[in-house]
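Student: One structure, as structure tokens, below. Some questions next.
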Amino acid sequence: MKVLTANRLSDGEAVWYAPDHSWIETLAGAEIARDKEHEERLEAIGKAAFAANQVLDVDIIDVELTDGAIVPIRLRERIRAAGPTNRADLGKQARPRGKTEANWVI
Amino acid sequence: MYRYDEFDQSFVEARVAQFTDQVERRLAGEITEDQFRPLRLMNGVYLQLHAYMLRIAVPYGTLNSKQLRMLAHIARTYDKGYGHFTTRQNIQFNWPALSDVPAILADLASVQMHAIQTSGNCIRNVTADHFAGAAADEVADPRPYAEILRQWSSVHPEFSYLPRKFKIAVTGAGRDRAAIQTHDIGLHLKKNGRGELGFAVYVGGGQGRTPMVAKKINDFVPEEHLLSYCTAILRVYNLYGRRDNKFKARIKILVHETGVEEFARQVEAEWAELKDGELTLPAADIAAINAYFAPPNLPARPDGDQALKQARLDSKSFGEWLDQNVITHRHPDYAGVTISLKGIGETPGDASDSQMDAVADIAEKFAFDELRVSHEQNLILPHVARADLRAVYDRLVEIGLATANSNLITDIIACPGLDYCALANARSISVAQEISNRFAGLERQRDIGELKLKISGCINACGHHHVGHIGILGVEKKGAELYQVTLGGSGDENTTIGEIVGRGFAPDEITNAIEKIVDTYLGLRLDRSETFLNAYRRVGSAPFKEALYVSEARAA
């Protein structure tokens with residue numbers, strides 16, 4: 001399983017591509033590709049968004065579902081999705097959960 | 001300290017205007033990321049895991065209170081209320097929006113600061129001994145020469161597209177606190193037999209994936225030839241340095257592959273063409289720059305000894321701080337103070353906006369408005385009257401910056417690691433925090449004595465792990481963090497690269513491993529005067545390997 005991620009051009013915020021064709025600030029609502037064809041579609045969307053100067057540092061990352069929540073395989077991506085582990089008061093993990101549902105399981 | 005002249009100020013302001021336009025065009029989609037990336041890097045703007053990161057130059061680590069207050073203002077206004085002081089005497093902000101960077105740079109320009117050449121394949125911020133101009137063991141203040149190098153290297157057209165980044169460090173004391181032998185060029189300012197100033201020149205040091213100790217290629221280059229000699233080195237590097245492989249592009253590789261004697265010969269040949277030409281520094285110019293760094297007028301304060309004697313009696317913790325964080329000044333009534341940014345369990349090198357404001361107040365009131373950033377990620381007050389040390393200490397206690405651990409095991413260098421950095425493979429800060437908490441007791445730390453522990457979250461070695469007495473390198477193995485330990489490194493006048501002790505440790509094993517190494521040292525040292533490094537140099541790695549791996553296997 002993979003999701004499409006990037007950083008937003010204007011402020012560098014880590015974002016993920018969502019089924020409604022928007023880039024969202026939380027991993028929880030990301031569109032999941034479950035087969036090669038879907039992955040390729042997401043990759044093409046990422047390239048187009050980069051070319052359109054919406055995002056940068058575009059990547060397709062491996063994820064798994066744990067109790068229904070999307071969890072990246074790599075620690076790097078889990079930290080991107082939550083925030084620095086030394087400062088629980090910073091990043092997405094510090095935002096009200098109800099609004100963002102940030103996943104900060106490291 | 002140096003003050004901008006009209007040319008400097010207008011140059012920096014012009015750069016702000018230029019980059020402001022570039023940012024606007026980028027945000028409007030008029031230029032692509034591929035076009036913009038080199039432009040933003042030239043202005044210190046990186047993209048990290050969570051946001052952009054802005055690296056601001058603190059030339060040779062010297063700041064005044066007005067500048068530190070501006071950094072506090074930037075932290076408060078544009079970032080998340082703190083900054084991170086780095087191993088290159090700079091400061092980084094971890095959360096700026098790209099759209100705010102022009103305003104930040106304009107604010108910086110108003111206090112004679114900028115972010116130029118804090119990235120890219122150019123000559124980076126020149127670093128220096130953080131006790132320059134204050135230390136009792138100094139021959140001369142290295143900062144005027146660092147400033148001359150800064151002026152020479154800033155947007156130098158010939159050296160703006162080098163094969164790779166280029167770092168220069170200068171020390172004016174025999175005891176090297178600037179780690180000059182780990183730099184592309186290391187300069188040791190000293191006097192010859194006739195009392196003239198000049199430099200022993202070291203070339204080809206560096207850490208990263210191929211750590212090397214710099215080699216001395218000239219024992220005495222007279223001060224007036226500083227620029228012509230450095231130009232000769234840069235020209236040889238620019239001509240022959242490898243551009244085909246990023247990992248082999250630093251000058252250390254060129255020196256190694258060419259051979260130090262042949263490299264030195266090439267530099268001397270180039271220098272012969274340049275020497276006594278337009279790059280010769282006129283004595284009047286050196287004097288003019290030196291005048292900016294004239295030491296503050298330090299009035300006699302003979303009341304210090306009595307005041308300290310009494311204060312020691314009044315407060316054990318003050319006495320401990322005095323023993324640990326205060327160094328001898330060239331003036332007997334004064335001292336140099338290390339403000340530890342390594343509170344127990346805290347993030348090494350981080351300071352909040354209110355702490356920066358408070359430190360600026362202390363510097364203004366008690367330290368002749370002078371501050372330094374050390375490459376060990378602490379702040380320094382270079383000139384404090386001994387009679388005022390108690391007052392300074394009391395204020396540092398109020399803001400949580402009075403930790404008495406300078407040069408002890410919890411005075412840890414750590415890069416931002418995987419918590420922030422896009423290049424990192426493993427976390428550094430969390431390891432530093434756990435080790436700091438494990439060794440929190442000051443009595444134990446002081447019993448262990450001087451021990452420099454340095455942690456990097458990837459092979460680029462921003463955390464200087466190669467020259468840590470104990471070095472820790474975080475890597476990613478099979479998707480998990482793993483920490484390799486090196487022992488016996490040092491970044492002083494006898495620089496050595498640490499040796500890998502054996503297989504790495506998982507995150508939940510690394511602190512125990514460090515404790516085992518420390519306990520092994522305590523068990524084998526001759527007496528308390530034998531430091532960890534000296535003990536390691538005497539006995540080698542075998543007892544530590546035995547403790548870490550063989551005893552462990554036996555126990556299992």
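Student: Please verify whether the range B:298-317 includes one or more residues that are hydroxyl-bearing (Ser, Thr, Tyr) and part of a strand (DSSP E or B).
Tutor: The answer is no, given that none of the residues of the range B:298-317 is hydroxyl-bearing (Ser, Thr, Tyr) and part of a strand (DSSP E or B).
Student: Sticking with this structure for a sec: Which residue, of B:Arg235, B:Arg243, is outside the structural domain of B:Arg390 (by TED's automatic domain parsing) and assigned to a loop (DSSP other than H, G, I, E, B)?
Tutor: Numbers: B:Arg235 fails: assigned to a loop (DSSP other than H, G, I, E, B).
Answer to the check: B:Arg243.
Student: Which residue is nearest to the other protein chains (Cβ to nearest Cβ), if the candidates are limited to the range B:417-468 and must be among the basic types (Lys, Arg) and crowded, with 24+ Cβ neighbours inside 10 Å? Lay out the reasoning, then the answer.
Tutor: Initial filter on the range B:417-468 (among the basic types (Lys, Arg)): B:427, B:438, B:444, B:446, B:452, B:454.
Still in the running and crowded, with 24+ Cβ neighbours inside 10 Å: B:427, B:452, B:454.
Values: B:Arg427: 6, B:Lys452: 21, B:Lys454: 17 Å.
Among residues in the range B:417-468 that are among the basic types (Lys, Arg) and crowded, with 24+ Cβ neighbours inside 10 Å, the one nearest to the other protein chains (Cβ to nearest Cβ) is B:Arg427.
Student: Within the range B:490-511, is even one residue under 28 Å from B:Ala553 (Cβ atoms), buried (at least 24 other Cβ atoms within 10 Å of the Cβ) and either within 14 Å of another protein chain (Cβ to nearest Cβ) or modelled with pLDDT under 95 (or both)?
Tutor: Scanning the range B:490-511, I find no residue that is under 28 Å from B:Ala553 (Cβ atoms), buried (at least 24 other Cβ atoms within 10 Å of the Cβ) and either within 14 Å of another protein chain (Cβ to nearest Cβ) or modelled with pLDDT under 95 (or both), so the answer is no.
Student: Output the residue which, of all residues in the range B:49-105 that are part of a loop (DSSP other than H, G, I, E, B), more than 10 Å from every other protein chain (Cβ to nearest Cβ) and of a type outside the set (Ser, Thr, Tyr), is farthest from B:Gln207 (Cα to Cα). If you could, list the steps in order and put the result at the bottom.
Tutor: In the first step, residues of the range B:49-105 are kept if they are part of a loop (DSSP other than H, G, I, E, B); the result is B:49-51, B:57-58, B:78-81, B:86-90, B:94-97.
Now restrict to residues that are more than 10 Å from every other protein chain (Cβ to nearest Cβ): B:57-58, B:78-79, B:86-90.
So of that shortlist, the ones also of a type outside the set (Ser, Thr, Tyr) come out as B:57-58, B:79, B:88-90.
Numbers: B:Ala57: 21, B:Val58: 21, B:Asp79: 30, B:Arg88: 13, B:Gln89: 17, B:Asn90: 18 Å.
If we take residues in the range B:49-105 being part of a loop (DSSP other than H, G, I, E, B), more than 10 Å from every other protein chain (Cβ to nearest Cβ) and of a type outside the set (Ser, Thr, Tyr), then B:Asp79 is farthest from B:Gln207 (Cα to Cα).
Student: Tally up the residues in the range B:464-480 that are of a type outside the set (D, E, K, R) and part of a strand (DSSP E or B), please.
Tutor: Restricting attention to the range B:464-480, the residues satisfying the condition of being of a type outside the set (D, E, K, R) are B:464-475, B:479-480.
Add one more test, that the residue is part of a strand (DSSP E or B), and what stays is B:470-475, B:480.
Adding up the residues that qualify gives 7.
Student: Here is a list of conditions, (1) part of a loop (DSSP other than H, G, I, E, B); (2) touching a residue at least 60 places away in the same chain (Cβ under 8 Å); (3) not aromatic (Phe, Trp, Tyr), and B:Gln433 meets all of them except one; can you say which number that is?
Tutor: It fails just one condition, (1).
Student: Now for a separate question. Quick one: in the range B:25-48, which of the residues that are touching a residue at least 60 places away in the same chain (Cβ under 8 Å) and over 30 Å from A:Ala94 (Cβ atoms) is nearest to the other protein chains (Cβ to nearest Cβ)?
Tutor: Applying the filter and picking the extreme gives B:Pro38.
Student: Still on this structure, I have one more. Which of the residues belonging to the range B:514-556 are surrounded by 14 or more Cβ atoms within 10 Å (Cβ to Cβ), under 23 Å from B:Thr410 (Cβ atoms), of a type outside the set (Val, Ile, Thr) and over 27 Å from the mean Cα position of the chain (by Cα)?
Tutor: The answer is B:Lys516, B:Tyr521, B:Leu522, B:Leu524, B:Arg525, B:Phe544, B:Ala547, B:Leu548.
Student: Is there a residue being closer than 30 Å to B:Arg55 by Cβ, away from chain A (no Cβ under 14 Å) and modelled with pLDDT of 95 or more anywhere in the range B:513-530?
Tutor: Looking through the range B:513-530, at least one residue is closer than 30 Å to B:Arg55 by Cβ, away from chain A (no Cβ under 14 Å) and modelled with pLDDT of 95 or more.
The values are calculated or read from the model by the stated rules, or taken from the named source; none is laboratory data. Computed from a predicted structure; not experimentally measured. Please note: Cβ atoms are built from the backbone with ideal geometry, for glycine as well, and neighbour counts cover all protein chains shown.
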